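A short reminder: the numbers here are calculations on the coordinates, not readings from a lab. This structure is a prediction, so every number in the text was calculated from the model and none was measured. Cβ placement follows ideal geometry from the backbone for every residue including glycine, while neighbour counts extend to all protein chains displayed.
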Amino acid sequence: MWSRDLDDQIREALSQEIEAARPELEGLEERVIGALATRLAKPSIWQRLRQLFLPGMTPRWAFAGGIALALALGFIIGRLITPSPTPLSAYAQAGTLFAVVDPGAQSVAVVGDFSAWQPVPLSDPDGDGVWTAVLNLPPGRYEYAFVVDGRWIGQDPLADEYVRSFGDYASVRYVGSGGGA
């Protein structure tokens, strides 16, 4: 039943619908542009807050300011919660500092030619794993090592140099003028 008459009837029905909608379509473009313009003119809540608190602030400057604020807060908080360490100069005035960091150690001692290679115990009074001893040594050159839970540790990172004798390393510390503390 498809024929020219049917094509003509479809065209006529579409023309009638378009004519009926023409008054609604008149000025549609202007109405859409006007609605979009008012939508763009009305800033979002975030834009209004930014204009209120940060007038003239570009996003790049806001990001840089945020980074600076975070770094400053981190520094301040770090200073507040970090305990102040005892300065090494306080130990140097009292003698020569020997230190080992080993949180799992049960016993730590220093042995050296200053003690005829007899162990001198180090202490960890606050249990933080930092074992220390301050010895009053006259100026000179001293060979030493640590004994941690029965194990010989001959290479102290704070040593002035190392020597190797009888197959084991020993650390060397110079006390007095021209050497370590």
On a full-extension model of 0.36 nm per residue, what is the gain between Asp126 and Arg22, subtracting their alpha-carbon distance, rounded to one decimal in nm?
28.5 nm
What's the angle, to the nearest 10 degrees (0 to 90), between helix 4-25's Cα axis and the longest principal axis of the chain?
70 degrees
Would you mind checking the tilt of helix 28-41 against the longest principal axis of the Cα atoms of the chain, expressed as 0 to 90 degrees and rounded to 10?
20 degrees
How far is helix 59-81 tilted off the main Cα axis of the chain, in degrees rounded to 10, range 0 to 90?
30 degrees
Radius of gyration and Dmax for the range 4-81's Cα atoms, expressed in Å?
28.9, 91
Rounded to 0.05, the calculated FRET efficiency for the beta carbons of Thr38 and Asp7 at R₀ = 45 Å is 0.50
Rounded to the nearest 0.05, what FRET efficiency do Val101 and Ala70 give with R0 = 35 Å and r taken as the Cβ-Cβ distance? Could you check?
0.70
Calculated [θ] (222 nm, deg cm²/dmol) that DSSP helices of n ≥ 4 give over the chain, each run adding -39,500 (n - 2.57)
-13500 deg cm²/dmol
